[in-house]
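Participant: Pasting a structure below so you can have a look.
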Amino acid sequence: MNNQTIIVVGAGLAGSEAAWQLAEKGFHVQLYEMRPNKQTGAHISDKFGELVCSNSLGSNMPDRAAGVLKSELRKLNSLLMKIADETALPAGGALAVDRDLFAARITEQLSNHSNIEIFREEVTKITENPTIIASGPLTSNTLNKAISEISNQDHLYFYDAIAPIVYADSIDMSIAFSASRYERGLKEEGDYINCPFTKEQYLAFIHELINAERIQLRPFEREIEDGVDAGPKKFFEGCLPVEVLANRNIQALAYGPLRPVGLFDPRSDQKPYAVLQLRQDNLAGDLYNIVGFQTNLTFKEQKRVFRLIPGLNNARFARYGQMHRNTFINSPVLLEPTLKFKNKPQLFFAGQITGVEGYVGNIATGLIAAINLARLINDEPLLELPQTTMLGALLHYITHANSRDFQPMKANFGILPPLEKKIRSKNDRYAMYSKRANIDFENFTQIHRI
Ligand SMILES: Cc1cc2nc3c(=O)[nH]c(=O)nc-3n(C[C@H](O)[C@H](O)[C@H](O)COP(=O)(O)OP(=O)(O)OC[C@H]3O[C@@H](n4cnc5c(N)ncnc54)[C@H](O)[C@@H]3O)c2cc1C
């Protein structure tokens with residue numbers, strides 16, 4: 001056994017994977033989990049690796065982004081992927097698990113590992129010991145403060161609602177137009193894609209929006225809605241779900257996120273009644289974020305209602321909007337793509353707190369943080385995965401995105417570098433992204449013997 005002791009904070013998805021990987025490499029791991037003594041508000045058990053919401057880990061298909069990520073994790077001998085496969089339920093092309101069995105097996109494996117020492121305690125300080133912080137989107141307040149202090153940031157990033165992202169090629173550009181405010185004329189590439197509403201379209205849209213079904217809030221989230229637990233209240237006001245804003249006043253959106261000021265529809269040279277703006281979300285330019293459209297509608301309703309927006313009638317969603325307390329650090333400023341914290345020699349972050357979204361992405365960051373912390377201790381160079389792999393692309397995204405409006409990102413093909421040749425068919429394009437990712441991943445793991 002390696003004499004070095006490593007601290008892992010949080011036995012959720014990322015922390016459990018990280019602790020097991022390090023223990024298997026012979027390190028003595030001290031795993032801290034505050035549940036059940038202190039609950040998060042979303043977890044309901046004392047089990048490690050508890051899935052807080054859906055029991056689906058997303059697509060298992062080899063030519064889907066989530067499927068590629070899963071195959072990369074399996075190649076890296078991920079414990080949680082192995083347990084997910086063992087506890088899988090029939091779910092078509094997706095990997096859904098028996099959530100109780102999944103969490104019970106993880107808890108059992110970690111509890112029985114001779115190199116893992118478990119502490120059911122809240123961590124409130126960050127020491128100089130080698131550490132992985134994987135305390136998740138519902139990190140306790142005291143630890144939040146400690147992280148803020150070492151980050152030299154006023155606050156961590158609390159976003160209560162996030163806006164949907166759509167695929168660029170699903171926006172109808174015969175209706176939408178590219179332009180920035182106060183610029184006239186049709187541009188090949190404007191900073192924004194704009195969806196113009198007539199008055200009738202706007203009123204019909206608002207009617208559907210405010211009457212659409214919302215996701216039921218949990219008690220702790222209701223507190224957030226009241227502004228009690230959201231840090232500075234104005235911050236929360238700036239992030240109000242669009243349906244809540246629309247419900248206050250029928251014109252609220254026309255004067256808010258849909259304000260048409262400075263925008264002229266180049267086809268009529270008229271100012272539209274209202275305009276929805278979409279902002280490019282990735283380097284490749286194939287993902288667009290719906291500006292100011294944080295929402296808590298059910299996913300089904302988002303698809304139905306947002307497709308009423310002129311130009312988005314056939315929109316495909318890369319990510320739906322959602323609402324929950326979400327603590328994540330400003331990774332583009334604070335982390336290296338190896339998940340090492342820039343300002344402390346032996347500190348790593350993993351899981352949703354890094355800004356990676358989704359169960360499997362979070363497991364993956366736990367695994368990479370463990371590999372790299374082990375390499376750091378063993379005086380080996382840290383590993384940066386190729387950007388053409390799904391995991392490499394995710395880590396590159398969270399550490400290179402625009403730090404001013406950084407928001408979590410899940411595995412998707414839009415964050416991979418473009419293919420050498422343009423492929424029109426979506427299925428062929430996805431197959432090619434997957435093939436390239438597989439080849440590059442295999443080569444990388446062989447060269448580095450991981
Ligand atoms: C309400 C909600 C619903 C979600 N639904 C989905 C979904 O359906 N699908 C999906 O893919 N993703 C979902 N996510 C996003 C994300 O994938 C999950 O939150 C995922 O569990 C994050 O993994 P993690 O390891 O980063 O954090 P977690 O799994 O939350 O683990 C963090 C652990 O750290 C512990 N902890 C926190 N602070 C301390 C401390 N100071 N000391 C000791 N322990 C501490 C917590 O108790 C927790 O066990 C959801 C998130 C939330 C908040």
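All of the numbers you see were taken from the coordinates with simple rules; none came from a lab. Keep in mind it's a predicted model, so treat the numbers as computed, not measured. We place every Cβ from the backbone using ideal geometry, glycine too, and count neighbours over all the protein chains shown.
Participant: Determine, from the Cβ-Cβ distance of residue 428 and residue 342 and an R0 of 41 Å, the FRET efficiency 1/(1 + (r/R0)^6), rounded to the nearest 0.05. Can you show the working numbers first?
Facilitator: Details: r = 40 Å, r/R0 = 0.97.
About 0.55, to the nearest 0.05.
Participant: When N is the residue count of region 1-130, what does its C-alpha Rg come to as a fraction of 2.2 N^0.38 Å?
Facilitator: Values: Rg = 15.3 Å, N = 130, 2.2 N^0.38 = 14.0 Å.
Normalised Rg, Cα atoms only: 1.10.
Participant: From the square roots a ≥ b ≥ c of the eigenvalues of the alpha-carbon gyration tensor of the chain, which class results: rounded (a/c under 1.5), prolate (a/b over b/c), or oblate?
Facilitator: Since a/c reaches 1.5 and a/b is larger than b/c, the shape of the chain is classed as prolate.
Participant: Additional query: Determine, from the Cβ-Cβ distance of residue 250 and residue 403 and an R0 of 45 Å, the FRET efficiency 1/(1 + (r/R0)^6), rounded to the nearest 0.05.
Facilitator: On the way: r = 36 Å, r/R0 = 0.80.
Between residue 250 and residue 403 the formula returns 0.80.
Participant: Also: For residue 346, what is the net charge nearby, where nearby means another residue's Cβ is under 9 Å from its Cβ and Lys, Arg count +1, Asp, Glu -1? Please report the intermediate quantities before stating the final value.
Facilitator: Details: positive: 340, 344; negative: 128.
Net charge in that neighbourhood comes out at +1.
Participant: Among 391-404, 6-19, what's the highest-first ranking by average C-beta atoms within 10 angstrom per residue?
Facilitator: On the way: 391-404: 20.9, 6-19: 31.1.
Highest-to-lowest ranking by the protection proxy: 6-19, 391-404.
Participant: Determine the dipole magnitude for the chain: charges of +1 sit on the beta-carbon of Lys and Arg, -1 on that of Asp and Glu, nothing else is charged, the reference point is the Cα centre, and the result goes in debye to the nearest 20.
Facilitator: Details: 49 positive and 50 negative charges, 148 e Å.
Here the size comes out at about 720 debye.
Participant: Related question: Can you tell me the FRET efficiency between residue 127 and residue 180 if r is taken as the Cβ-Cβ distance and R0 is 41 Å, rounded to the nearest 0.05?
Facilitator: Values: r = 48 Å, r/R0 = 1.17.
Between residue 127 and residue 180 the formula returns 0.30.
Participant: Could I ask something else about it? Using the Cα centre of region 291-361 as the reference point, and only Cβ charges (+1 on K/R, -1 on D/E), how large is the resulting charge dipole? Debye, rounded to the nearest 20. Walk me through the numbers before you get to the answer.
Facilitator: On the way: 10 positive and 3 negative charges, 30 e Å.
Computed about the Cα centre, the dipole is about 140 debye.
Participant: Please compute the length gained on full extension between residue 208 and residue 5, using 0.36 nm multiplied by the number of residues separating them and subtracting their Cα-Cα distance.
Facilitator: Details: separation 203, 0.36 × 203 = 73.08 nm, distance 5.62 nm.
Extra length from residue 208 to residue 5 when fully extended: 67.5 nm.
Participant: Now for a different question. My understanding is that a pair violates if its Cα-Cα distance is over 28 Å; which of 47/75; 344/435; 25/47 do that in this structure? All intermediate terms of the calculation are to be shown ahead of the outcome.
Facilitator: Working: 47/75 26 Å; 344/435 37 Å; 25/47 24 Å.
Violating the 28 Å limit, Cα to Cα: 344/435.
Participant: Output the peptides 170-182, 99-111 sorted from most to least packed, where packing is the average of other Cβ atoms within 10 Å over each peptide's residues. Walk me through the numbers on the way to the answer.
Facilitator: Working: 170-182: 16.2, 99-111: 19.3.
In decreasing order of mean packing, 170-182, 99-111 become 99-111, 170-182.
Participant: Among DSSP beta bridges whose residues both lie in the chain, state the antiparallel percentage, nearest 5. Don't skip to the end; give the middle numbers.
Facilitator: Values: 28 of 44 bridges.
Beta bridges within the chain, antiparallel portion: roughly 65 percent.
Participant: So if each residue of separation counts as 0.36 nm, and I subtract the Cα-Cα distance between residue 45 and residue 77, what length gain in nm does that give?
Facilitator: Working: separation 32, 0.36 × 32 = 11.52 nm, distance 2.64 nm.
Full-extension gain reported as 8.9 nm.
Participant: For n ≥ 4 DSSP H runs only, could you compute -39500 (n - 2.57) per run for the chain, divide by its residues and tell me the 222 nm figure to the nearest 500?
Facilitator: Values: 14 runs with 152 residues, N = 450.
So the calculated ellipticity at 222 nm is -10000 deg cm²/dmol.
Participant: Among 46-52, 147-153, 82-88, what's the highest-first ranking by average C-beta atoms within 10 angstrom per residue?
Facilitator: Values: 46-52: 21.6, 147-153: 14.6, 82-88: 18.1.
Taking the mean over residues of other Cβ atoms within 10 Å, the ranking is 46-52, 82-88, 147-153.
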